[in-house]
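The values are calculated or read from the model by the stated rules, or taken from the named source; none is laboratory data. A quick note: this is a predicted structure, and the numbers were derived from the prediction, not measured. Backbone-built Cβ (ideal geometry, glycine too); neighbour counts: all protein chains shown. What goes into the accessible areas is simple: the full protein's heavy atoms, side chains included, and nothing from ligands, DNA or RNA. Shrake-Rupley method; radii C 1.70, N 1.55, O 1.52, S 1.80 Å.
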Amino acid sequence: MAKKNSNGGGNIPVKCSFCGKEPSYSDILVPSPLGDAYICSECVEQIEGLIKDYFNENGGAKKGKKNAADAPGTNDKLPTPKEICDFLNQYVIGQEDAKKYLSVAVYNHYKRLAQKADEVDIEKSNIIMVGPTGTGKTLLAKTIARQLDVPFAIVDATVLTEAGYVGEDIESLLVRLLQAADYDVEKAEKGIVFIDEIDKIARKGDNPSITRDVSGEGVQQGLLKLLEGSVVNVPPNGGRKHPEQKMIPVDTKNILFICGGAFDGIERKIAQRLNTHVVGFTGNSVRSKVDSDNYLKYIAPQDLKSFGLIPEIIGRLPVLVHLDPLDRTALLKVLTEPKNAIIRQYEKLFAMDGVKLTFSPDTLEFIVDKAIEYKLGARGLRTIVETIMIDAMYETPSTDVKELTITREFAEEKLKKAYIG
């Protein structure tokens with residue numbers, strides 16, 4: 001910065017490159033980092049005023065830049081449900097029902113934000129997704145976050161406890177959303193929150209608890225006001241609240257909540273309910289129509305209640321969608337087809353070392369068969385591939401190998417060596 005520049009020593013006098021004002025007539029001159037150009041404080045104030053006037057005339061929106069605080073105002077700017085679903089198809093294999101429900105929910109959320117004051121108040125439809133581990137619940141949430149023009153946060157319900165106990169307060173769920181919105185409360189109040197592992201806060205029994213259930217029923221009761229819509233005080237840095245801490249009030253009325261959980265063992269609740277309806281001479285025919293390999297397709301709100309969710313929270317999650325277990329065909333596609341497919345990731349890792357990596361078709365089928373055997377879904381695929389490739393990833397960078405083919409015999413040998421074959 002320069003306030004005054006003497007001519008002694010052969011220095012060239014400086015002046016404002018915008019108005020030509022010399023240092024003696026200005027409080028300060030700010031130099032440009034790119035060359036011998038300067039701007040005075042008066043010109044800076046004038047430019048700031050012009051920018052403010054421009055934004056006020058154009059409704060406060062920056063031209064050419066997406067603003068998460070403003071919902072899309074016209075239908076041609078809204079991503080349609082089919083467009084959202086097509087984007088999900090690039091990364092997630094199968095789960096057509098879940099994609100449809102998510103796409104419609106996000107589309108309706110955009111329309112709610114663009115809604116003008118009217119006599120019809122559109123209520124939000126929170127979602128709960130139920131599916132086995134490794135079927136794509138978290139992946140769906142992460143993928144849809146890439147396409148959104150609103151703040152999006154993925155939070156975990158396992159760390160939550162009732163107020164006053166070790167853990168985190170329910171309000172801390174909104175801290176991640178505030179961070180995604182750069183602590184702009186107006187933006188955050190129009191965002192989307194994905195609550196993962198919602199099944200981990202189920203109460204210990206179907207009946208109401210007569211004792212303190214600080215990480216189960218107590219958390220569910222605390223979530224009610226968030227899901228329904230109310231003004232809650234959020235600690236800016238998360239963690240526990242204390243009286244001297246400065247709080248940020250956040251209205252959750254327009255925040256869309258998407259919950260996901262594996263609900264391990266809920267199939268038994270569903271099967272029990274289906275069997276209780278089978279009576280009389282038609283019992284065998286009704287029972288034969290039930291797909292015993294995928295009970296989740298018959299899931300109903302009463303099954304969630306039997307699992308341990310309280311009726312009040314089920315009522316605030318009106319959209320119930322299930323994710324199907326991945327069959328052999330779907331798992332084979334997961335290995336190779338998505339943009340971030342597992343095989344493509346390993347090919348990229350080896351390519352960075354100058355090695356061309358290929359997997360034989362029978363090797364891929366062998367990996368899928370093992371994943372089905374372990375019943376770990378898509379996550380099981382990575383476990384198996386990592387076990388097969390660990391020795392190659394250790395040795396190849398130290399050799400001159402430029403091409404590597406993984407055969408079925410090689411994969412079987414590595415799995416046997418790791419005692420999981």
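Please go through segment 111-130 and pick out each residue that is open to solvent by less than 40 Å² (accessible area, probe 1.4 Å) and either within 15 Å of Ala330 (Cα to Cα) or over 17 Å from the mean Cα position of the chain (by Cα) (or both).
Going through segment 111-130, the residues open to solvent by less than 40 Å² (accessible area, probe 1.4 Å) turn out to be 112-114, 124, 126-130.
Arg112, Leu113, Ala114, Lys124 - these are the residues of segment 111-130 that are open to solvent by less than 40 Å² (accessible area, probe 1.4 Å) and either within 15 Å of Ala330 (Cα to Cα) or over 17 Å from the mean Cα position of the chain (by Cα) (or both).
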The one condition Gly136 fails out of (1) out of contact with any Phe, Trp or Tyr (no Cβ under 8 Å at 6 or more places or on another chain); (2) free of Cβ contacts under 8 Å to residues at least 60 places away in the same chain is (2)
Segment 80-104 - residue that is buried (at least 17 other Cβ atoms within 10 Å of the Cβ) and in contact with a Phe, Trp or Tyr (Cβ under 7 Å, 6 or more places away or on another chain) and, of those, farthest from Ala330 (Cα to Cα): Pro81
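State whether the residues of segment 394-404 include one that is of a type in the set (S, T, N, Q), surrounded by fewer than 14 Cβ atoms within 10 Å (Cβ to Cβ) and under 30 Å from Gln95 (Cα atoms).
Start the filter on segment 394-404 by keeping residues that are of a type in the set (S, T, N, Q), which leaves 396, 398-399.
Adding the requirement that they be surrounded by fewer than 14 Cβ atoms within 10 Å (Cβ to Cβ) leaves 398-399.
From what's left, under 30 Å from Gln95 (Cα atoms): none.
Within segment 394-404, none of the residues are of a type in the set (S, T, N, Q), surrounded by fewer than 14 Cβ atoms within 10 Å (Cβ to Cβ) and under 30 Å from Gln95 (Cα atoms).
Among residues belonging to segment 20-34 that are at negative phi and surrounded by fewer than 14 Cβ atoms within 10 Å (Cβ to Cβ), point out the one that is modelled with the highest pLDDT. Step through it out loud before you land on a result.
Pass one, segment 20-34, residues at negative phi: 21-34.
Next cut, surrounded by fewer than 14 Cβ atoms within 10 Å (Cβ to Cβ) only: 24-25, 27, 32-34.
Values: Ser24: 73, Tyr25: 72, Asp27: 72, Ser32: 79, Pro33: 71, Leu34: 68.
The extreme case among them is Ser32.
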Filter result for the condition that a residue is among the polar types (S, T, N, Q), open to solvent by 50 Å² or more (accessible area, probe 1.4 Å) and under 27 Å from Thr133 (Cα atoms), over Thr383, Thr407: Thr383
Among all residue pairs at least 6 apart or on different chains, which show Cβ distances below 8 Å where the first residue, located in segment 160-174, is assigned to a helix (DSSP H, G or I) and the second is at pLDDT below 75 and not hydrophobic (A, V, I, L, M, F, W, C)? Glu171/Lys241; Ser172/Gly238; Ser172/Gly239
